[in-house]
Amino acid sequence: MKSKGGRLLIVLILVLLMIGVNYFFDKPQVRLKGREEAERFRLYANPSFEKWSGFEFTFLKAFYYTLGLRVYMGKLSEEYLAPPPFAKDPIVRTAEVVTRLCPYYYDIYYIANGYLTWDYGDVETANRLLEKGLEYTPERWIYYLYLGFNHFYFLKDYEKGAMYLVEASEVSGKPQYAHLASKLLYASGRTEVAIGILKGMIENTRDEGWKRGLETRLKALEGIYELEKAVEVFRERFGTLPQNLEELKNAGIIKGIPEDPYGGEFYIDEEGNVRTTSNLTYMD
Amino acid sequence: MKRVIELARITVKQAIKERSFYVILIATLLAVLAVPVLYSFTMFEVPRVLAGFALSYTNFAVLILMLFLVMNLSQTDLDRKTLQYVISLPIRRRDYVFGRFLGFVFFACILIFFILAITVPFVALFSRMRPDAPFYIGYYFLYGVFLLIEVALLVAIALLFLSLTSRTIVSMFGVAGCYIVGHTMDEVAEFLRTGTGMNMPVFSKAVIQVVRYIFPNLALFDVKTAFIYGKGMDGMSLFLSLLYGVLYTVIVLLLAVVLFEKKEVY
Amino acid sequence: MSAVNGNVVEVTNICKTFKGDLFQKPFSALKDISFEIEKGESFGLIGVNGAGKSTTIKIILGVIFPDSGEVKILGDSPGALKVKKKISYLPENPVFYENLNGEDFIKFVGRLRGLEGKVLRDEVERWLFKVNLEKDGKKPLKKYSRGMIQRIGLAQAFIGNPELVILDEPLNGLDPLGRRMARDLIEETLRLGTTVFFTSHILEDIERICHRVAIIHSGRILRFVDVKDLKEGLEEVFIRTLEEYEESN
């Protein structure tokens, strides 16, 4: 055992044991028991405390907390099809803390906006965060795009939505958004506008997971758009609104009824608008 | 001046012989390994996130290493009575303070730009792969100057504590305390201006004001985020921050000299 | 003035009390000490541990300050740059900058004593050779043995020909050969007219090198002894002096 090789062996065994211990204890039972997934999320102090206790390293904190939120949401997505209601609070709190730690940090606005609008319908909070982001980084035209979309799609405030789209067009120098803004003011073109904005968002997203999410949404909207056009054709041809989608199919305007990628079913309401039972969120 | 330079030289030599460069080199290479990981964790503006990490790492590594170095060298100077010997050499007492200061700052300077130079190719390379934000290489190195001023100020504070007390543990807590207060007071003062802050008891407000004007405002040198995002920093405020740092450092250093002149070195 | 009467060190009525840390009693280290050292003299300060030897040296060096009394070194106050340029000091159990190598360290001291260029290089080489460290010059000091440190300490004390050499226990940690070497070095420098002030508790060495000795005890100088006038061993004188002091108190 005094030999060099012997000592090396012992060192090696100890290192392996070290790894082994880490591996063995990496089990849910080792962690605090009786705590729900929802409570397992990091507890934040108020944003100001988080800021000054970060000294010079607020940027690292912002990154780390955002990562924490993503990991948390990722874990939840394994258990739930759609983000569960109790996850809303962690999202809002993380967003508040992170935007205080480093108001320039991009990802958090994107993540918070995505969840808050589509999954929780809390468009006001999402917009407040985006406005805050624009205060610090007015050159990020994509925030205007989000704001425009949020206003018109969720809040049905078309004028404001159009205003933000014009802003996005001006800051980005891309005329297509101004074009969408003008269409927005006509009720018939709104799905097309939504599709246009989503396409812009997809173009500006490099994260694969998020891209896929947006593409699913785009696919659903394209389904709606297709059906809306069909309804229009039906109305022109027969002078009345179709009662249901089957009528469109029977009239030979569409070949089949597109599938809602969220698992819902498309239908036509009394006013002739195409809707889906899923409301564009995953159904349980 | 010759004697100051001589002492500065010996300080740098000592610092280099502590093998700090190897440690930093290895730590930096390990840190660079994290770049691809960060890259995949980032959704937007990769160049900025990477630059933010590199600058935070530089900041952290330099602070830790300098704290270790200054305290370690001061500790041997004091505990093993080397200081007695050194000030019996043909130098003025103030030469010792200035020499040590210059030596440490010069070493920190090499260290900072060494780390920045190692990290910059990696950040630049990965920024090229997803160039969705600009990478300001000028700002990247300009931050080094701000970090250097911060380190210089902290070294001066360490020397001040060395002149005040003969116990390194006291100086260590002193420097750490100044660092913490220095980085938080700006935020606290900000709080005082809010509604809740206004309603605070007069006494607390007075204490905060006094503390604020004694301790250095280190938050002024934390320009990392501003630099990576190319934000909120005009030439004038940059210049004033640096001027503030230099002036405060000089004053602390002079205070250290005045106290050190009459210090009994046991 | 020293220039007139030729005194290199003049210590007049100095007292020193250490206030000590919180909760510690003040400690009176020196009580009214006076002595002077002439140019070219070898003066020894002997006493038991805690008698005040090191405190006296620190005051002469200007490292600490007396509460009262006056100290003049070469006609100036201790600690003045002018003075420090002409004196050298070897601490007791010295710890020098450990991660430097021996040569760099000696060079550093030589430069501070005003040596430059070729003279500096030659002197460094000469002194490393004199203390038998010519082969170890490139080794870092932390790898030095106790005796080697003591020898490099002697080299730094003599380089640049200081006018006053202050040696605190210079023979500590040296083997018999080393002690012989150290004694030779001290005698050699005395022949050059340098003044030497040193402390030791090895009275045999003191007897050999010193011209004059002061016996210090409990912060007081009890007796001055001219070594050449001694009729008995220094040790007997020393012990007798301390005993007389203890009896009278």
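The values are calculated or read from the model by the stated rules, or taken from the named source; none is laboratory data. Computed from a predicted model, the values in this text were never measured in an experiment. Neighbour counts run over all protein chains shown; Cβ positions are idealised from the backbone, glycine included. The accessibility values were calculated without ligands, DNA or RNA, using every heavy atom of the protein model including side chains. Shrake-Rupley method; radii C 1.70, N 1.55, O 1.52, S 1.80 Å.
Points worth noting:
- Residues whose amide H falls under 5 Å from that of A:Thr276, counting only those 5 or more places apart or on a different chain, are A:Tyr267, with hydrogens built in the peptide plane.
- Distant-in-sequence amide H partners of C:Leu45 (H built 1.01 Å from N, under 5 Å): C:Phe198, C:Thr199, C:Ser200, C:Ala214
- Residues A:Tyr80, A:Tyr23, B:Tyr22 ordered from highest to lowest accessible area at a 1.4 Å probe: A:Tyr23, B:Tyr22, A:Tyr80.
- Diffusion coefficient, µm² s⁻¹, Stokes-Einstein with Kirkwood Rh over alpha-carbon pairs of the protein assembly as shown at 20 °C and 1.002 mPa s: 65
- Taken over segment B:2-262, the alpha-carbon convex hull comes to 148 cubic angstrom per residue.
- Placing R0 at 30 angstrom, the Cβ-Cβ distance between C:Ile202 and B:Ile5 gives a FRET efficiency of 0.15 after rounding to 0.05.
- Carbon and sulfur %, accessible surface of the protein assembly as shown computed with the full protein complex present, 1.4 Å: 59
- 17 Å reach of a label modelled at B:Ile16, 7 Å along Cα-to-Cβ, counting backbone N of segment B:63-105: B:100, B:102-105
- Amide H contacts for C:Ala29 (H built 1.01 Å from N in the peptide plane; partners 5 or more residues away or on another chain; cut-off under 5 Å): C:Lys16, C:Thr17, C:Phe18.
- Distance violations [Cα-Cα > 29 Å] among B:Lys81/B:Lys224; B:Lys2/C:Lys139; C:Lys82/C:Lys142; A:Lys88/A:Lys219: B:Lys81/B:Lys224; C:Lys82/C:Lys142
- Heavy-atom SASA rank of B:Met236, B:Met1 (probe 1.4 Å, accessible area, largest first): B:Met1, B:Met236
- In sequence order, segment A:63-74 has phi-based couplings of 5, 5, 5, 5, 4, x, 5, 5, 4, 4, 5, x Hz under the Karplus curve 6.51 cos²θ - 1.76 cosθ + 1.60, θ = phi - 60°, and Gly or Pro positions carry x.
- At R0 = 56 Å, FRET efficiency that the Cβ-Cβ distance of A:Glu271 and B:Val258 yields, to 0.05: 0.10
- Averaged over the residues of peptide B:43-54, the number of Cβ atoms from other protein chains lying within 10 Å of each residue's Cβ is 5.
- As a calculated quantity, the FRET efficiency between C:Arg183 and C:Phe23 at R0 = 51 Å, using C-beta atoms, amounts to about 0.70.
- Our coupling estimate for segment A:151-160, obtained by passing each phi through the Karplus curve with A = 6.51, B = -1.76, C = 1.60 and θ = phi - 60°, is 5, 7, 7, 9, 8, 6, 9, 5, 5, 5 Hz, Gly and Pro reported as x.
- Chain A packed on chain B takes about 2700 Å² of accessible surface away from a 1.4 Å probe, both sides summed.
- When the Gaussian network model of chain A links Cα atoms closer than 10 Å, the mean-square fluctuations of A:Leu43, A:Leu116, A:Leu241 top out at A:Leu43.
- On association of chains C and B, roughly 3100 Å² of accessible area becomes buried (total for both chains; probe 1.4 Å).
- Listed by number, the DSSP H helices of chain B that run 27 Å or longer by alpha-carbon position along their axis and have mean Kyte hydropathy of at least -1.0 are B:20-41, B:46-79, B:93-129, B:137-164, B:168-192, B:235-261.
- Accessible surface, per residue, of the protein assembly as shown when the full set of protein chains is kept, probe 1.4 Å, Å²: 48
- Dividing the helix sum by the residues of chain B, where each DSSP H run of 4 or more adds -39500 (n - 2.57), gives a mean residue ellipticity at 222 nm of -28000 deg cm²/dmol.
- Under the Karplus curve 6.51 cos²θ - 1.76 cosθ + 1.60, θ = phi - 60°, whole-Hz ³J(HN,Hα) for segment C:122-137, x wherever Gly or Pro sits: 4, 5, 4, 4, 4, 6, 4, 5, 4, 9, 6, 10, 4, 8, 10, x
- Fluctuation leader among B:Val207, B:Val181, B:Val32 - chain B, Gaussian network, Cα springs under 10 angstrom: B:Val207
- Volume of the convex hull of chain A (Cα atoms only), normalised per residue: 204 Å³.
- 1.4 Å probe, heavy atoms, protein only - residues of segment C:48-91 losing at least 30 Å² accessible area vs chain alone: C:Lys58, C:Val63, C:Ile64, C:Phe65, C:Leu81, C:Lys84, C:Tyr89
- Taken over segment A:221-276, the convex hull of the Cα atoms encloses 66 Å³ per residue.
- B:Phe141 versus A:Leu67: modelled label distance in nm, points set 7 Å from Cα along the beta carbon direction: 2.9
- Debye-formula intensities of segment C:202-249, expressed as log10 I(q)/I(0) at q = 0.27, 0.30 Å⁻¹, are -1.07, -1.23 (one equal scatterer per alpha-carbon, no solvent).
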